[in-house]
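Everything on this sheet refers to the single structure shown next.
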Amino acid sequence: MKKALVVLMGLLMTVLAVAGCGGEGKKTADAPKVLKVGTEPTFAPFEFQKEGSKDYDGFDMDLIRAIGKQLNMKVIPAINAGNIDVAAAGMSITPERQNAVDMSDPYYVSGLVVVVNKDNMDTRSIKDLDNKAIATQIGTTGAERAGKVPGAKVKTFNTNTEAFLELKNKGVEAVIIDKPVAEYYLVQGGQSTAKIVGETLEAESYGFSLKKGSALTKEINKALSDLKKNGEYDKIYKKWFGDVKK
């Protein structure tokens, strides 16, 4: 599901605290050799800790480390408040956020998608789900959107794993869920039985967050652009989401 608003706002407050520390942004030549990255590691597949590991893993973590390498800077993830340089936490780019902090160029387009069984040739988009059974995770934007489908019987589950299992067992016609969750499910083996159909619904872009006027914003955007040009971004994307249209 989309990251809880309270978590995002908490992380935003951390970044705002940094923005209020005063001082002009350093010139590129004086940029620190260490890039301190704030994160909230409970949002797989973007940032999380593997069981039994102290290291942070995920798409955001791989991408920001690649950006750090491009800038010749060592990336140090951190979850505590402090003088972080950038926040990487699956943050949506919104006008409100852009007024308060710098947001990088978009690096991922999220939203909701429809997932159906691989042998389902009749359902091509959400328009084909009228009066059908739909599985969703309780309390998510997917559940809200499913509730707007005319005549649909919405089945809610505590976890996305349970929703996908219901689909696999053909107890529902489709699952409506966040795009990164669906893509991660497919690349982890779900593609043998399921597929995404139709366009991304309620699309929103994710970006890295930095203090207002940070000298690093332009550098991070340049590094991100370079990674997309040299193919490194695609390698990282494929690792976490497979060959899915970005």
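Taking the solvent-accessible surface of protein heavy atoms with a 1.4 Å probe, what is the per residue accessible area of region 130-189 in Å²?
Details: 2800 Å² over 60 residues.
That works out to 47 Å² for each residue.
Can you give me the C-alpha center-to-center distance between region 110-130 and region 185-246, rounded to a whole angstrom?
Computed from Cα coordinates, the inter-centre distance equals 22 Å.
Net charge within 13 Å of residue 150 by Cβ-Cβ distance, Lys/Arg positive one each and Asp/Glu negative one each, not counting residue 150 itself?
Details: positive: 127, 132, 145, 148, 153; negative: 128, 130.
Surrounding charge for residue 150 is +3.
Tally Lys and Arg at +1 and Asp and Glu at -1 over the other residues with C-beta under 14 Å from the C-beta of residue 77: what net charge comes out?
Working: positive: 36, 50, 54, 65, 74; negative: 40, 47, 55, 57, 60, 62, 85.
Residues near residue 77 contribute -2 overall.
How would 177, 76 rank on accessible area, largest to smallest, probe 1.4 Å? Please list the in-between numbers first.
Numbers: 177 10, 76 70 Å².
Output order, biggest surface exposure first: 76, 177.
To the nearest µm²/s, what D does Stokes-Einstein give for region 142-220 at 37 °C and 0.692 mPa s, using the Kirkwood radius over alpha carbon pairs as Rh? Let's see the in-between values first.
Numbers: Rh = 15.1 Å.
Calculated translational D: 218 µm²/s.
Hand me the GluC sites (Glu not before Pro) from region 34-114 located in a DSSP loop with no more than 15 other Cβ atoms within 10 Å, in residue order please. Kindly include the intermediate steps, with their values, before the conclusion.
Values: sites: 47, 51, 96; in loops: 51.
Hits after loop and neighbour filter: 51.
Pull out the extension gain between residue 118 and residue 69, defined as 0.36 nm times the separation in residues minus the alpha carbon to alpha carbon distance; nm, one decimal.
Numbers: separation 49, 0.36 × 49 = 17.64 nm, distance 3.92 nm.
Fully extending the segment from residue 118 to residue 69 adds 13.7 nm.
Work through the residues other than residue 138 whose Cβ is under 13 Å from its Cβ and net out their charges, Lys, Arg +1 and Asp, Glu -1. The partial results should precede the final answer.
Working: positive: 155; negative: 144, 162, 166.
Computed value for this residue: -2.
The values are calculated or read from the model by the stated rules, or taken from the named source; none is laboratory data. Being a predicted model, the structure only gives us computed values, none of them experimental. Counting neighbours? That spans all protein chains shown, and the Cβs are built from the backbone with ideal geometry, glycine included. Heavy atoms of the whole protein, side chains included, go into the accessibility calculation; ligands, DNA and RNA do not. Shrake-Rupley method; radii C 1.70, N 1.55, O 1.52, S 1.80 Å.
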